[in-house]
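K.L.:
A single structure is presented below for examination.
Read the figures in this text as sums done on the coordinates, not as results from a lab. It should be emphasised that the depicted structure is a prediction, and the values quoted were computed from it without experimental measurement. Cβ sites come from the backbone with ideal geometry, for glycine too, and all protein chains shown count toward neighbours.
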Amino acid sequence: MNIKRPTLIVAALVLLVIAAGAFFMMRKPEQPAASGAASPASAKPGAPPARPTLTVTVAKPESAELTDTLAANGNVMPWQEASVGSESNGLRLAEVRVNVGDAVKRGQVLATFAPETINADMAQAKASLAEARATAADAAGTAERARTLDKTGALSQQQINQYTTAAQTAKARVEAAEAVLAAQQVRGRNTQVLAPDDGVISARTATVGSVVAAGTELFKLIRQGRLEWRAEVTSAELGRVPVGTPATVISASGAQVQGKVRAVSPMVDPQTRAAIVYVDMPNLQQNSAIKAGMFARGDFQLGRSNALTVPQASIVPRDGFNYLLLLQPDNRVSQLKIDTGRRVGERVEITTKLPPDAKVVVQGAGFLNDGDLVRVVDSANPAPAAAK
């Protein structure tokens, strides 16, 4: 069947019209929704309110009196260390009575030397003294008799002078013999090595049976058992640490000891620009966790001052800095970069100036960004963090 060209064109136009009508009929149900979605500007009057990002708690910064401290590092050393040595020469060490770590009293016997040689020398000195005294007594009697014959002319003046000189010489020999005996008695006392002061034995080189020379060190003694913390303080901070300042010394194990500044070095190291501050600590026996030679850190208690503090949970660390999220009147939050200071318990000092009526977000602060809308609840009965 032959269909004319105008008929085909008309049929095509009819089909096109039908297809267009069907397309618009299919879009019809969606038109109300599309007409209801307006731009943000046109939606303001009748649009529903924005939903908050989180439910949070807030708190006001509080003023508190905090302890002002200065941190430092240093070594724990003996207050004074005494060297206890031998005063006798060439004697054999017979007994050692103490060991490292023993607490001793002033005058306590630490070690003894064999006394046989000293006893023999002392006996000889006593005999020499007795002989000198006898000789002196005889010479004195002869000189006295010679002086009685002075006026008779039986003896010449020269002979009388000789007898008098002999008596004086004999007396001098007695004194010399007494000095020798005294020296031997001192050697006898030196056969006992005595503690020069109260303290604790920190080192021992004495060995039973050894023959030592005079001056050989046998023991080292921490005098009075006192230790001190030698803290390094920079020259800029040195003026803040006068004598008598309390300090807390903390060992590597965490043990804490209270002490006081005994002295401040008058010299500053030109290399480190730091000076040594000497902190006296209590008796060594009471501080089993603190030993001489240990490295320790500590804090000097410089006094107390007022500070503005916030809960530690309200501080948000980001990108190496600390921030607070402040609640605005429209319940949105603004991010503020801050500097922190001292910490006491769960509160942290804020050194950055805050608005007088500032309120900081506490619970949920770490999940918020600048400009987020929040819902505030009472901190005593917090709601779930995520808004529904």
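K.L.:
Would you mind getting me the FRET efficiency between Lys126 and Thr169? Use the beta-carbon distance for r and R0 = 25 Å, nearest 0.05.
P.N.:
Once rounded, the FRET efficiency stands at 0.75.
K.L.:
Asn73's amide H: which non-local residues (gap 5+, or another chain) put their own amide H closer than 5 Å, with H modeled 1.01 Å from N in plane and none for Pro or chain starts?
P.N.:
The list, which skips near neighbours in sequence, is Glu232.
K.L.:
Over the stretch 97-182, what number does the Rg to Rh ratio reach, with both radii from the alpha-carbon atoms and Rh per Kirkwood?
P.N.:
1.41
K.L.:
Kindly express, to the nearest 10 degrees and within the range 0 to 90, the angle between helix 157-189's C-alpha long axis and the longest C-alpha principal axis of the chain.
P.N.:
Computed tilt is about 30 degrees.
K.L.:
Still on this model: Let me check the size of the stretch 173-327 from its C-alpha atoms; what are the radius of gyration and Dmax in Å?
P.N.:
Over the stretch 173-327's Cα set, Rg and Dmax evaluate to 26.2, 104 Å.
K.L.:
Residue separation times 0.36 nm, minus the C-alpha to C-alpha distance between Leu149 and Ile18: what's the value?
P.N.:
29.1 nm
K.L.:
Restricting attention to the stretch 105-202, which trypsin sites (Lys or Arg not before Pro) occupy a DSSP loop and are surrounded by at most 10 other Cβ atoms within 10 Å?
P.N.:
Answer in residue order: Lys105, Lys151.
K.L.:
Once you've got the GNM for the chain with C-alpha springs shorter than 10 Å, pick whichever of Leu155, Leu129, Leu13 has the biggest mean-square fluctuation.
P.N.:
Among Leu155, Leu129, Leu13, the largest mean-square fluctuation in the Gaussian network model of the chain belongs to Leu13.
K.L.:
Let me ask another. Under a point-charge model restricted to the Cβ atoms of Lys and Arg (+1) and Asp and Glu (-1), what is the dipole moment magnitude of the chain relative to its Cα centre, in debye to the nearest 20?
P.N.:
For the chain, the charge dipole is close to 1580 debye.
K.L.:
Can you give the FRET efficiency to the nearest 0.05 for Lys291 and Val186, using r as the Cβ-Cβ distance and R₀ = 51 Å?
P.N.:
0.85
K.L.:
Can you pull the one-decimal nm distance between simple spin-label points at Val268 and Asp330, each 7 Å off the Cα toward Cβ?
P.N.:
5.3 nm
K.L.:
Using modelled amide H (1.01 Å from N, peptide plane; none on Pro or chain starts), what sits under 5 Å from the amide H of Leu302, excluding residues fewer than 5 places away?
P.N.:
Under 5 Å from the amide H of Leu302: Asp68, Thr69, Leu70.
K.L.:
How big is the chain on each of its three principal axes, counting only the C-alpha atoms and giving the largest first in Å?
P.N.:
197, 59, 43
K.L.:
Now, a different point. Give the percent of DSSP beta bridges with both residues in the chain that are antiparallel, rounded to the nearest 5.
P.N.:
Percent antiparallel among DSSP bridges in the chain is about 95.
K.L.:
Run the Debye formula on the Cα coordinates of the stretch 206-248, all scatterers equal and no solvent, and tell me log10 I(q)/I(0) at q = 0.16, 0.17, 0.34 1/Å.
P.N.:
The Debye formula, applied to the Cα set alone, gives -0.66, -0.69, -1.26.
K.L.:
May I pose another question? Can you give the Rg and Dmax of the stretch 243-340 based on its C-alpha atoms, in angstrom?
P.N.:
Reported Rg and Dmax, both Å: 20.7, 64.
K.L.:
Considering only Pro242, Pro196, Pro266, give the residue with the highest GNM mean-square fluctuation for the chain, with springs between Cα atoms whenever their separation is below 10 Å.
P.N.:
With Cα springs under 10 Å in the chain, the top fluctuation among Pro242, Pro196, Pro266 is at Pro266.
K.L.:
Hey, another quick one. Could you work out which residue, out of Ala139, Ala203, Ala195, moves most in a Gaussian network model of the chain, that is, has the largest mean-square fluctuation with Cα springs under 10 Å?
P.N.:
Ala139
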